[in-house]
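The structure appears below as C-alpha cells.
The values are calculated or read from the model by the stated rules, or taken from the named source; none is laboratory data. Note that the structure is a prediction, hence the values are computed from the model and not measured. Heads up, the Cβs are rebuilt from the backbone with ideal geometry, glycines too, and the neighbour counts pull from every protein chain shown.
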Number of protein chains: 2
Amino acid sequence: MCELLAMSANVPTDICFSFSGLMQRGGNTGPHKDGWGITFYEGKGCRSFKDPLPSSQSPIAELVTNYPIKSEAVICHIRQANSGGISLENTHPFTRQMWGRNWTYAHNGQLKNVQGELPVQLHFPVGATDSEHAFCWILDQLHFKFADKEPTATVLFTFIAKLSVKINALGVFNVNITNGQYLFAYCANNLHWITRRAPFGKARLIDAEVVINFTEETTESDVVTVIATQPLTNNESWHKMTKGQWHLFCLGESIASGQEVLMAES
Amino acid sequence: MCELLAMSANVPTDICFSFSGLMQRGGNTGPHKDGWGITFYEGKGCRSFKDPLPSSQSPIAELVTNYPIKSEAVICHIRQANSGGISLENTHPFTRQMWGRNWTYAHNGQLKNVQGELPVQLHFPVGATDSEHAFCWILDQLHFKFADKEPTATVLFTFIAKLSVKINALGVFNVNITNGQYLFAYCANNLHWITRRAPFGKARLIDAEVVINFTEETTESDVVTVIATQPLTNNESWHKMTKGQWHLFCLGESIASGQEVLMAES
C-alpha cells in the first residue's frame, strides 16, 4: 500500500507542514520506502518532484520540505511497491494532458488484472503499475464519452466517480485526481480530509515533533483542505470518508460529493 | 531567444558540469532570466525540474547543480520569453506520452502564426507559447502518420526532420526532442555538439570558473554527447551544425544525420 496526500486551497499555499509529516512515513515512521512524488499546480502549470529513493533519505524531499512552493492544488504520494518494480517510471503521481490542462493522479491500493479488465486504446502506460494503467483507462473513457468537448465539472467528476467504482471492483482504489482547478477524492476504504479556515489554531504532526500555528501563517479569508490516507495531525478533527464516498474540492471547499454503491470484487 | 542543452550517453552520466555553466546564462552571464527547466531520463521514466525564476537565483537549480542525477538522456532549457508570459506552464521542456514512452521537447527560436499554420486536433497546448503549440502539432502529425504503430527510429526521425523544416518556415526552429532512448537535434541556425570519449581530457567552462578533468569522472568505454545552442567550454572543439542539419543520437553516438533544404520564411 501507499500513502496519499493532497491539497486544495483558495490562495496559493505551501504544503511544507503536511509534507514534512508524510515524508517521515517514507522509511522512518512508516514502511513506504519505494519512492515518492509530489506535483504542485501554479495556475495551469504544474511541476513534479519525484524520487525512487525513500522520502526520508531523499535530498529532493529535503528541498521540497524547506522550499515553500505556493500552490492552489497539490497531489503527493509515497510508495510501498506491489505492482511494478522500484523505478522512476513507476513512481506516482502521474500527469497527462487533457482538454488543455495537466491532469495529475495518485492511487492507493492494489488492483487485479487491469490489463484484461480495463483495456486501453489511446492512452498507454509508460511504467508497469496497475495504478498508471487505471489512469490511462480513465483518460480513454473520458475521451470516448466527451471527445474534445470538456463537460461541466459536475458531469465530469460524477462520471469519474462511476469509473472509480468499476476500477474499485478489481481491488482497492483510493484515489486523488486534479486538473489544477478541481481536486477529486474517491475513497475505497482509506481516506481522510480536513478543511482549515478562520479562526485558525495550532496543529501538531503525528510523525514528527512539529507544531504549527496557522494563525501566523494565514489570513482571515484563507480556506485550505488537506486530504490524506491517514490523518497527519493528532489534535484536529479529520473527516473519515466512507467506502464508496467521493468529494470534489475547489478553492479549498468541498463543492460536491456522493456515495456510490460498491460492486463486489470480481 | 533561449538556450538549449541536451545530453545522450551510453552509461548513466550526470550533467552537473554543463548545467552549472548554462545556469549562469540565466541572469548572470546571459539574459535568459525567464525560467528554466531540465528533464532527466532514467530508463523509461523521467523527471523534470522547472522554475519560472531566473536559473542563477533558483534554489531548485542549485539542487540540480549539486545533486548528481545519473541519466542516459537529458534535455534542458533556459528561457528568454517572447511568445507567452513568464509562468510555469510556459516553461520548457514539455513532456507528453506517446507509444508508451515519455517524449520531451525544448525549442529555441520564434515562430509566427503557429495557430493558423499548424492546426492541432488531438494534442492541445496547456500554456501560451508558440513552442508548445509546435510540439503538439508534431505529436498530432505522428499520430496521423503512424497511429499506434511506432515506426523504426530512422523512419520516425526522418519524418520529424521533415516536420521541422515545415515549422522552421514560420520562423526559427532549433529543437531537441528525446524519448529517453533517442535524442534528435534539428538546427535552424544555432546548435553545436561535442562527443566526449577516451582518451578524456580537461574541459573549462566559458560561463564559470570551473575546470573538470573527465579522466577522473569516467571509464574508458564512456561515450557522452552534449548539444548546446552555444559551446559551453572554450578549450574543446565543438561541431557547429549547419542550417537545416539534423542529428539523431543514441547511447552517446550520432547514429544518423541529414541535411534538409530550408523553405523560405512564409
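Consider region A:31-44 and keep the residues that are within 24 Å of residue A:84 (Cα to Cα) and crowded, with 20+ Cβ neighbours inside 10 Å. The one that is nearest to the other protein chains (Cβ to nearest Cβ) is A:37. Each residue in region B:104-153 was checked for being more than 28 Å from residue A:120 (Cβ to Cβ), over 18 Å from the mean Cα position of the chain (by Cα) and either within 12 Å of chain A (Cβ to nearest Cβ) or of a type outside the set (A, V, I, L, M) (or both), and 6 pass. The set of residues in region A:1-12 being more than 13 Å from chain B (Cβ to nearest Cβ) and either over 16 Å from the mean Cα position of the chain (by Cα) or under 18 Å from residue A:88 (Cα atoms) (or both) consists of A:1, A:2, A:3, A:4, A:10, A:11. Among the residues of this structure, residue B:165 does not count as one that is at negative phi, within 12 Å of another protein chain (Cβ to nearest Cβ) and either without any contact (Cβ under 8 Å) to a residue 40 or more places away in the chain or in a helix (DSSP H, G or I) (or both). Close contacts from region A:186-198, counting a first residue that is within 19 Å of residue A:164 (Cα to Cα) and a second that is hydroxyl-bearing (Ser, Thr, Tyr), with Cβ to Cβ under 7 Å and a gap of 6+ residues or different chains, come to A:186/A:164; A:187/A:242; A:190/A:229; A:191/A:229; A:193/A:225. Among the criteria (1) within 30 Å of residue A:123 (Cα to Cα); (2) surrounded by fewer than 21 Cβ atoms within 10 Å (Cβ to Cβ); (3) in contact with a Phe, Trp or Tyr (Cβ under 9 Å, 6 or more places away or on another chain); (4) polar (S, T, N, Q), the one residue B:168 does not fulfil is (2). Within region A:7-23, the set of residues being of a type in the set (S, T, N, Q) and crowded, with 20+ Cβ neighbours inside 10 Å comprises A:8, A:13, A:18, A:20.
Taking the criterion of being closer than 21 Å to residue A:2 by Cα, among the aliphatic types (A, V, I, L, M) and part of a helix (DSSP H, G or I), the residues of region A:121-160 that qualify are A:134, A:138. Looking across region B:138-149 at every residue that is surrounded by fewer than 22 Cβ atoms within 10 Å (Cβ to Cβ) and modelled with pLDDT of 95 or more, the one that is nearest to residue A:150 (Cα to Cα) is identified as B:140.
Quickly run through region B:110-125 and pick out the residues that are buried (at least 22 other Cβ atoms within 10 Å of the Cβ) and in contact (Cβ under 8 Å) with a residue 12 or more places away in the chain.
B:111, B:114
Residue-level check: of (1) in contact with a His (Cβ under 6 Å, 6 or more places away or on another chain); (2) buried (at least 21 other Cβ atoms within 10 Å of the Cβ), residue A:80 misses just (2).
Look at region B:45-61: where a residue is more than 11 Å from chain A (Cβ to nearest Cβ) and a partner is surrounded by 21 or more Cβ atoms within 10 Å (Cβ to Cβ) and assigned to a strand (DSSP E or B), sitting 6+ places away or on another chain with Cβ atoms under 6 Å, you get B:54/B:26; B:55/B:26; B:55/B:36; B:55/B:78; B:56/B:26. When residue A:101 is tested against (1) touching a Gly at 6+ places or on another chain (Cβ under 9 Å); (2) more than 9 Å from every other protein chain (Cβ to nearest Cβ); (3) in contact (Cβ under 8 Å) with a residue 60 or more places away in the chain, exactly one condition is not met: (2).
Within region B:188-231, the residues that satisfy the criterion of being under 30 Å from residue B:170 (Cα atoms) and not hydroxyl-bearing (Ser, Thr, Tyr) are B:188, B:189, B:190, B:191, B:192, B:193, B:194, B:226, B:227, B:228, B:230, B:231. Just to be sure I understand the filter: pairs with C-beta atoms under 9 Å, separated by 6 or more residues or on different chains, first member in region A:145-156 and on the phi > 0 side of the Ramachandran plot, second member of a type in the set (Phe, Trp, Tyr) and surrounded by 13 or more Cβ atoms within 10 Å (Cβ to Cβ). Which pairs pass? If the second residue must be of a type in the set (Phe, Trp, Tyr) and surrounded by 13 or more Cβ atoms within 10 Å (Cβ to Cβ), no pairs are left.
Within region A:204-227, the only residue that satisfies the criterion of being at pLDDT 95 or above and touching a helix residue (DSSP H, G or I) at 6+ places or on another chain (Cβ under 7 Å) is A:226.
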